[in-house]
Amino acid sequence: MKDEIEILINEHIDWLKDKTVIEQVNDQWCEITTPYLDRHNDCLQIYARKDNGGYLLTDDGYVINDLISSGCKLNSPRRQEILKTTLAGFGVKVDKEQLFIHATKDNFPLRKHNIIQAMLSVNDLFYLASPVITSLFFEDVMHWLDLSDIRYTPKVKFAGQSGFDYMFDFVIPKSRQQPERIVQTINNPRKDSAEALLYKWIDTRETRSPESKLYSFLNDANTEVSPNIIEAFRNYDAVPVLWSERETTHDVLAA
């Protein structure tokens, strides 16, 4: 199993290098186009310039401005709290609408990884299923866990075998009946979001207990989840959970 995982991680690194494009914007800034997709299926871009002997990396306000222009205002205390918690887990800060992080030559790959993961997390965290929905899927899942008396720790960061850190929405600790259960929400289940989560799972599972399980809550409230996505999770020993069928997991998560 270890050799298989190492091959998958090396293949992912080769893919990442091959699909990353760097362009000089002006005398100060470089534009880095990554293969990671946002909810519009556009490649995420970050910008880098030298700063005090290191580098400043920023999304130039893209993620938050895109959400605001799509009708997802971040003007409630609850959403501001979730935003700050999510960014803090990656060491990313926000200035007005811009996400940014500082890096050195030594930690540039890690910091670049962190800001991309933060952009993906914020993009998915505030993705509204439809304009009339006023609550976040993350909040819906949290509310259900609370009502179901399922104990959990929200927003937990684990280090992967690659050395990169990954944020997971909830972790339910090990009990006498069940192993550690990691719960991740996907509000807009698509091929790219499923692949991103599965890579996080592949990279971190070797650093967790062998019995640890991943449960992925997939929002099917307004769109049907592709059978291919469900099959992909099962192929990697993860448990896909349709939101409409969440009660089927109550006993195993509450134990």
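Hey, among L99, L87, which residue is part of a helix (DSSP H, G or I), under 17 Å from the mean Cα position of the chain (by Cα) and farther than 26 Å from T249 by Cβ? Talk me through it step by step, then tell me what you get.
Numbers: L99 fails: part of a helix (DSSP H, G or I).
Answer to the check: L87.
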TODO: Give me a count of the residues in region 233-255 that are small (G, A, S) and surrounded by 18 or more Cβ atoms within 10 Å (Cβ to Cβ).
DONE: 1
Open item on the list: Looking only at region 49-63, how many residues end up being in contact (Cβ under 8 Å) with a residue 24 or more places away in the chain and in contact with a Leu (Cβ under 7 Å, 6 or more places away or on another chain)?
Closed with: 3
TODO: Could you please find all residues in region 197-228 being crowded, with 20+ Cβ neighbours inside 10 Å and over 25 Å from K174 (Cβ atoms)?
DONE: N219
- [ ] For D42, indicate whether it is buried (at least 18 other Cβ atoms within 10 Å of the Cβ) and acidic (D, E).
- [x] no
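In contact (Cβ under 8 Å) with a residue 60 or more places away in the chain and either under 22 Å from the mean Cα position of the chain (by Cα) or assigned to a helix (DSSP H, G or I) (or both): does that describe H40? Reasoning before the result, please.
On the way: in contact (Cβ under 8 Å) with a residue 60 or more places away in the chain: no; either under 22 Å from the mean Cα position of the chain (by Cα) or assigned to a helix (DSSP H, G or I) (or both): yes.
Taking the combined requirement at face value, the residue does not satisfy it.
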Task: Which numbered condition Q177 fails, given (1) of a type in the set (S, T, N, Q); (2) in a helix (DSSP H, G or I); (3) modelled with pLDDT of 90 or more - done: (2)
Open item on the list: Looking only at region 165-196, how many residues end up being under 29 Å from D42 (Cα atoms) and either surrounded by fewer than 16 Cβ atoms within 10 Å (Cβ to Cβ) or without any contact (Cβ under 8 Å) to a residue 12 or more places away in the chain (or both)?
Closed with: 3
Open item on the list: Any residue that is under 24 Å from G160 (Cβ atoms), touching a Lys or Arg at 6+ places or on another chain (Cβ under 6 Å) and at pLDDT 90 or above - is there at least one of those in region 18-38?
Closed with: yes
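Report yes if some residue within region 224-241 is among the hydroxyl-bearing types (S, T, Y), without any contact (Cβ under 8 Å) to a residue 60 or more places away in the chain and in a loop (DSSP other than H, G, I, E, B); otherwise report no.
Quick first cut of region 224-241, residues among the hydroxyl-bearing types (S, T, Y) only: 226, 236.
In the following step, the residues that additionally are without any contact (Cβ under 8 Å) to a residue 60 or more places away in the chain were identified as 226, 236.
Now narrow it down to the ones that are in a loop (DSSP other than H, G, I, E, B): 226, 236.
Yes.
The values are calculated or read from the model by the stated rules, or taken from the named source; none is laboratory data. Just so we're clear, the structure is a prediction, and the values are computed from it rather than from any experiment. Here Cβ is always computed from backbone atoms with ideal geometry, including for glycine, and neighbour counts include all displayed protein chains.
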